[in-house]
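**Student:** Before we start, here is the structure in question, set down as structure tokens.
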Amino acid sequence: MIRSGRRCFAVFRGSLAEANHFFINTWCRHEDNEANYSRQLLEQLHGLMDRRVDGIILWAHLAPLYTEHVDELKLGHLPVVTIDHRLSFADSVETDEGELAFLAADYLLGKGHRHIGQLAWQSSYNWAQLRRRNFEQRVGQCADANCRTVEAATIDEVPKRFFELLEAEPGLTAVFACSDHVARKIYEAAEEMGLRIPDDISVLGAAALDFSAWMRPGLTTIRQRGLEMGRRAAEIVMDRSLGTLDDEGPQRITVGCELVERESVRDCR
């Protein structure tokens, strides 16, 4: 899942404005009531269609809902671009999850960590599944290393799952958090348990959100390129709406990422 949301939105707006397109941003607060949340999201999609927009860019959490109503929404003949989630009929701009997971695994292994945990996201989103599998695969390629993964379905579950991970692997030295939000919750849980980061447990995040630099210690993380992803998504929507890509199948754009090294991972070589 791309986390550089503000940057992405800014690029959507700027790129589309330059081509004389207007940008409409809709957002729905996540709620415990899944049915109510889905209803609000669907109302927003219908509202966009009623206004005869030229195209739609979907965040990952909207994509499953779109799939459920694909026949209905396809009638609008709207170009659709998804961010970090792949639909068979739509264009997509995705983080290179293989590169992200390999960067994370290689960094921890390079620092001497061999008993590694992963706190993954329990989700059907492409990014979550690929990130988990690629990280496990990369750690598994190191003969003397092991990876134990636990999943959280909500952000509030993270402290409990982190505790379960530590109980299951007493010798754990490092945890890869599937996002910076998850990493922040791990920080909070570690403090409550009296664990010091990185002395007692190292933590590596993903996304490089602004707050990751302000965490103490600063969070080592993998930066997704939100600016580039936003630009590429806007370009595809414009090309589709102008008919440039009419005769071509779904475009699959993959964007790389980079390591941001701070102080949350201990060198235990």
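The values are calculated or read from the model by the stated rules, or taken from the named source; none is laboratory data. Treat the numbers as computed from the prediction; the structure is a model and nothing was measured. We place every Cβ from the backbone using ideal geometry, glycine too, and count neighbours over all the protein chains shown. Heavy atoms of the whole protein, side chains included, go into the accessibility calculation; ligands, DNA and RNA do not. Shrake-Rupley method; radii C 1.70, N 1.55, O 1.52, S 1.80 Å.
**Student:** Pairs please, first residue from region 250-269 and under 18 Å from V203 (Cα atoms), second anywhere and aromatic (F, W, Y), Cβ atoms under 9 Å, 6+ apart in sequence or on different chains.
**Tutor:** L259/Y107; E261/Y107; S264/Y187; V265/Y107
**Student:** Cβ-Cβ distance below 7 Å, separation of 6 or more or different chains: which pairs start in region 165-177 with a residue that is open to solvent by 10 Å² or more (accessible area, probe 1.4 Å) and end on one that is charged (D, E, K, R)?
**Tutor:** Sorted first by the residue in region 165-177, then by its partner, the pairs are A168/R148; E169/R148.
**Student:** Here's another thing I want to ask about it. Scan region 185-193 and tell me whether some residue there is modelled with pLDDT of 95 or more, among the basic types (K, R), under 27 Å from G110 (Cα atoms) and in contact with a helix residue (DSSP H, G or I) (Cβ under 7 Å, 6 or more places away or on another chain).
**Tutor:** yes
**Student:** Let me ask you something else. Can you tell me which residue in region 234-263 is surrounded by the most Cβ atoms within 10 Å (Cβ to Cβ), limited to those that are in a loop (DSSP other than H, G, I, E, B) and charged (D, E, K, R)?
**Tutor:** Looking at residues that are in a loop (DSSP other than H, G, I, E, B) and charged (D, E, K, R), I get R262.
**Student:** Quick one: which residue in L75, L103 is open to solvent by 40 Å² or more (accessible area, probe 1.4 Å), among the hydrophobic types (A, V, I, L, M, F, W, C) and modelled with pLDDT of 95 or more?
**Tutor:** Answer to the selection: L103.
**Student:** Any residue at all in region 186-200 that is buried (at least 21 other Cβ atoms within 10 Å of the Cβ) and farther than 19 Å from S264 by Cα?
**Tutor:** No: region 186-200 contains no residue that is buried (at least 21 other Cβ atoms within 10 Å of the Cβ) and farther than 19 Å from S264 by Cα.
**Student:** Mind listing just one residue for me: the one in region 217-233 that is under 15 Å from the mean Cα position of the chain (by Cα) and not in a helix (DSSP H, G or I) and, of those, nearest to R196 (Cα to Cα)?
**Tutor:** T221
**Student:** Next question. Among the residues of region 81-92, write down those that are among the β-branched types (V, I, T) and within 12 Å of the chain's Cα centre (by Cα).
**Tutor:** I83
**Student:** Scanning region 125-154 for residues that are of a type in the set (V, I, T) and more than 19 Å from I222 (Cα to Cα), which turns out most open to solvent (accessible area, probe 1.4 Å)?
**Tutor:** Among those that are of a type in the set (V, I, T) and more than 19 Å from I222 (Cα to Cα), it is T154.
**Student:** Tell me, yes or no, whether region 60-69 has at least one residue that is at pLDDT 80 or above, open to solvent by less than 30 Å² (accessible area, probe 1.4 Å), over 23 Å from C142 (Cβ atoms) and in contact with a Phe, Trp or Tyr (Cβ under 6 Å, 6 or more places away or on another chain).
**Tutor:** The answer is no; no qualifying residue exists.
**Student:** Confirm whether Q224 is at pLDDT below 95 and open to solvent by 40 Å² or more (accessible area, probe 1.4 Å).
**Tutor:** Here the answer is no, as Q224 does not meet what is asked.
**Student:** Hey, among H85, H115, which residue is open to solvent by less than 70 Å² (accessible area, probe 1.4 Å) and touching a Ser or Thr at 6+ places or on another chain (Cβ under 8 Å)?
**Tutor:** Selected residue: H85, the only one of H85, H115 that is open to solvent by less than 70 Å² (accessible area, probe 1.4 Å) and touching a Ser or Thr at 6+ places or on another chain (Cβ under 8 Å).
**Student:** Could we say that L108 is part of a helix (DSSP H, G or I), out of contact with any strand residue (DSSP E or B) (no Cβ under 7 Å at 6 or more places or on another chain) and of a type in the set (A, V, I, L, M, F, W, C) here?
**Tutor:** Against the criterion (part of a helix (DSSP H, G or I), out of contact with any strand residue (DSSP E or B) (no Cβ under 7 Å at 6 or more places or on another chain) and of a type in the set (A, V, I, L, M, F, W, C)), L108 does not qualify.
**Student:** When both residues are 6+ apart or on different chains and their Cβ atoms are under 7 Å apart, which pairs have a first residue that lies in region 222-235 and is closer than 21 Å to R131 by Cα, and a second that is surrounded by fewer than 24 Cβ atoms within 10 Å (Cβ to Cβ) and among the polar types (S, T, N, Q)?
**Tutor:** Q224/S4; G226/S4
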